[in-house]
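K.L.:
One structure coming up, written as structure tokens, with questions to follow.
The values are calculated or read from the model by the stated rules, or taken from the named source; none is laboratory data. The structure displayed is predicted, hence computed values, not measured ones. Glycine gets a Cβ as well: all are built from the backbone with ideal geometry, and neighbour counts include every protein chain shown. For the accessible areas, the whole protein counts, side chains as well, though only heavy atoms, and no ligand, DNA or RNA atoms are used. Shrake-Rupley method; radii C 1.70, N 1.55, O 1.52, S 1.80 Å.
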Amino acid sequence: MATSSAPLFMIMLGAPGAGKGTQARMLSEVLGLPQVSSGDIFRENLKLATALGLLAKGYMDRGELVPDDVTIDMVMDRLNRLDCAGGAILDGFPRTLAQAEALRRALAARDFRVSLAPLLEVSDDAVIDRLAGRRVCRDCQAMYHVAFSPPKVDGTCDKCGGQLYRRADDEPETVRNRLFVYYKQTAPLVGYYFAHGVLVTIDGDRPIEAVQADLLAAVRAV
Ligand code: AP5
Ligand code: MG
């Protein structure tokens with residue numbers, strides 16, 4: 001779907017389990033823009049046992065944020081790749097005011113800016129249900145839920161046939177800490193992007209397709 005010719009950098013905001021990854025992936029397919037997910041990049045590094053992956057593991061297992069300097073460098077490297085020249089859908093970054101400012105400066109240096117920051121609003125109870133039932137494909141990272149969006153064959157990815165697994169940080173104890181960290185460190189970004197005139201609030205407590213329709217309408221309105 002063509003919108004405007006200006007690069008579209010959009011930020012998916014929302015608590016853990018709000019549906020950022022699910023929606024970012026669908027938007028990426030529809031808009032033809034790369035999905036840049038900091039969590040996916042950390043997990044890929046962990047799978048490959050890189051120094052970055054091993055450093056991130058302890059933080060991720062505890063549901064804490066990986067330090068800003070490491071995270072900012074990693075995401076900036078990704079955004080400097082050629083496929084992000086026309087924009088990107090950022091999923092899970094920024095997550096602190098320092099990250100948001102680093103992103104603003106990096107985009108401004110290229111005469112770009114964040115055009116849209118949709119906030120997916122979901123209740124804490126829904127988050128806990130969603131993460132308890134989430135399954136992810138080991139190979140293509142496609143997202144499923146045992147009740148809300150189950151795969152056709154139990155444990156197997158519909159898209160690539162890969163094996164589905166449960167994320168280590170989806171244990172209820174870790175989810176509670178991730179929610180705490182979200183309210184403390186990431187929720188201030190809602191005010192930040194409101195002040196920049198790009199915040200759009202979307203009710204994320206509805207079926208995936210309804211949320212997607214609102215997101216596409218918000219993109220068209222940019
Ligand atoms: P990350 O991977 O980003 O995790 P998160 O933000 O906690 O978000 P999730 O991926 O858990 O949820 P989501 O909103 O993507 O929901 P999803 O679409 O999967 O980060 C993991 C860790 O990495 C962090 O804790 C931190 O340690 C580190 N990290 C990452 N980025 C960082 C950063 N910038 N700075 C520092 N550290 C960082 O959906 C969830 C489930 O719900 C799925 O099963 C899905 O099928 C289902 N679902 C989705 N939408 C709906 C719907 N509308 N109705 C019903 N079910 C739905
Ligand atoms: Mg995600």
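K.L.:
Please verify whether Gly58 is of a type in the set (Gly, Ala, Ser), within 14 Å of ligand 2 (Cβ to nearest atom) and closer than 24 Å to Leu164 by Cα, treating the condition exactly as stated.
P.N.:
So Gly58 fails the test.
K.L.:
Given the criterion within 6 Å of ligand 1 (Cβ to nearest atom), outside any helix (DSSP H, G or I) and closer than 29 Å to Pro150 by Cβ, identify the matching residue among Gly17, Gly39.
P.N.:
Only one candidate qualifies: Gly17.
Let's see how each residue does on (1) closer than 30 Å to Val222 by Cβ; (2) away from ligand 2 (no atom under 16 Å from the Cβ):
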residue: Met26; (1), (2): yes, no
residue: Ala49; (1), (2): no, yes
residue: Asp73; (1), (2): yes, yes
residue: Ala102; (1), (2): yes, yes
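K.L.:
I'd like the residue in segment 118-130 that is within 9 Å of ligand 1 (Cβ to nearest atom) and not in a strand (DSSP E or B) and, out of all such residues, is farthest from Val198 (Cα to Cα).
P.N.:
Ranking the qualifying residues of segment 118-130, first place goes to Asp129.
K.L.:
Only one of Val153, Val136, Val75, Val66 is in a helix (DSSP H, G or I) and aliphatic (A, V, I, L, M). Can you tell me which?
P.N.:
Checking each option against the conditions leaves just Val75.
K.L.:
On to the next question. I'd like to verify a number: residues in segment 186-222 that are out of contact with any Asp or Glu (no Cβ under 9 Å at 6 or more places or on another chain) and among the polar types (S, T, N, Q), how many?
P.N.:
The number of residues fulfilling the criteria is 2.
K.L.:
Only one of (1) modelled with pLDDT under 95; (2) buried (at least 19 other Cβ atoms within 10 Å of the Cβ) is not met by Leu103, so which one is it?
P.N.:
All conditions pass for Leu103, except number (1).
K.L.:
Only one of Gly133, Gly155 is within 12 Å of ligand 1 (Cβ to nearest atom), more than 20 Å from Met12 (Cβ to Cβ) and small (Gly, Ala, Ser); which?
P.N.:
Criteria check complete, one pass: Gly133.
K.L.:
Out of the residues in segment 127-154 that are open to solvent by less than 30 Å² (accessible area, probe 1.4 Å) and touching a Leu at 6+ places or on another chain (Cβ under 7 Å), state the one that is nearest to ligand 2 (Cβ to nearest atom).
P.N.:
Val136
K.L.:
So Asp83 clears everything in (1) near ligand 1 (Cβ under 7 Å from one of its atoms); (2) free of Cβ contacts under 8 Å to residues at least 60 places away in the same chain; (3) open to solvent by 30 Å² or more (accessible area, probe 1.4 Å) except one condition, right? Which one?
P.N.:
(1)
K.L.:
Next up: Take the residues in segment 20-32 that are buried (at least 21 other Cβ atoms within 10 Å of the Cβ) and among the polar types (S, T, N, Q), then tell me which one is farthest from ligand 1 (Cβ to nearest atom).
P.N.:
If we take residues in segment 20-32 being buried (at least 21 other Cβ atoms within 10 Å of the Cβ) and among the polar types (S, T, N, Q), then Gln23 is farthest from ligand 1 (Cβ to nearest atom).
K.L.:
So which pairs qualify, if the first residue must be in segment 42-61 and under 21 Å from Val175 (Cα atoms) and aromatic (Phe, Trp, Tyr), the second must be within 11 Å of ligand 1 (Cβ to nearest atom) and in a helix (DSSP H, G or I), the Cβ gap must be under 6 Å, and the two must be at least 6 apart or on different chains?
P.N.:
Sorted first by the residue in segment 42-61, then by its partner, the pairs are Phe42/Ala56.
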